[in-house]
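The values are calculated or read from the model by the stated rules, or taken from the named source; none is laboratory data. Just so it is clear, the model here is predicted, and its values are computed rather than measured. Cβ sites come from the backbone with ideal geometry, for glycine too, and all protein chains shown count toward neighbours.
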């Protein structure tokens, strides 16, 4: 049984993918702490409404049911990267990375990833219990 076809597991997988991409971007910000003119970036947070309305979710996709219908356009990038709008300080070289802020975001992302992992584990355990494999 492919668990990714179940809606709850698809959403959890999508959330975990978002968190991995955010962690990568935050690591890039930290690694450029001393780069002149570097502005930190982050991913935009995706709300449930955006996920459903934007057609980004694997559960809600646009399809052509008749030849006379308009062809679906390419799917937008799943996660959009934005420059940070709130910079607390900028060095004389133009670098706007605040290391403490980036570390806070990294720990926040790690906590959210741990939560998603635990939810995934609990749902798998619940399914095993339901089919009689967990005792």
Given the condition touching a helix residue (DSSP H, G or I) at 6+ places or on another chain (Cβ under 6 Å), at pLDDT below 90, surrounded by 11 or more Cβ atoms within 10 Å (Cβ to Cβ) and in a loop (DSSP other than H, G, I, E, B), answer yes or no: does some residue in the stretch 70-81 qualify? yes
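Determine which member of the set 106, 97 is surrounded by 13 or more Cβ atoms within 10 Å (Cβ to Cβ) and either assigned to a helix (DSSP H, G or I) or in contact with a strand residue (DSSP E or B) (Cβ under 7 Å, 6 or more places away or on another chain) (or both).
Working: 97 fails: either assigned to a helix (DSSP H, G or I) or in contact with a strand residue (DSSP E or B) (Cβ under 7 Å, 6 or more places away or on another chain) (or both).
The match here is 106.
Please find, among 87, 61, the residue that is out of contact with any helix residue (DSSP H, G or I) (no Cβ under 7 Å at 6 or more places or on another chain) and at pLDDT below 60. Walk me through it before giving the result.
Values: 87 fails: at pLDDT below 60.
Of the residues listed, the single one that is out of contact with any helix residue (DSSP H, G or I) (no Cβ under 7 Å at 6 or more places or on another chain) and at pLDDT below 60 is 61.
Among the residues of the stretch 99-120, count how many are more than 30 Å from residue 9 (Cα to Cα) and in contact (Cβ under 8 Å) with a residue 12 or more places away in the chain.
Narrowing the stretch 99-120 to residues more than 30 Å from residue 9 (Cα to Cα): 99-101.
Now drop any that are not in contact (Cβ under 8 Å) with a residue 12 or more places away in the chain, which leaves 99, 101.
Qualifying residue count for the region: 2.
Return yes or no: is residue 24 modelled with pLDDT of 80 or more, out of contact with any strand residue (DSSP E or B) (no Cβ under 6 Å at 6 or more places or on another chain) and assigned to a loop (DSSP other than H, G, I, E, B)? Outline the logic, then answer.
On the way: modelled with pLDDT of 80 or more: yes; out of contact with any strand residue (DSSP E or B) (no Cβ under 6 Å at 6 or more places or on another chain): yes; assigned to a loop (DSSP other than H, G, I, E, B): no.
In short, no.
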Look at the stretch 109-124 and say how many of its residues are more than 16 Å from residue 22 (Cβ to Cβ) and either at pLDDT 90 or above or surrounded by 15 or more Cβ atoms within 10 Å (Cβ to Cβ) (or both). 6
Unmet criterion (only one of (1) part of a helix (DSSP H, G or I); (2) under 10 Å from residue 97 (Cα atoms)) for residue 34: (1)
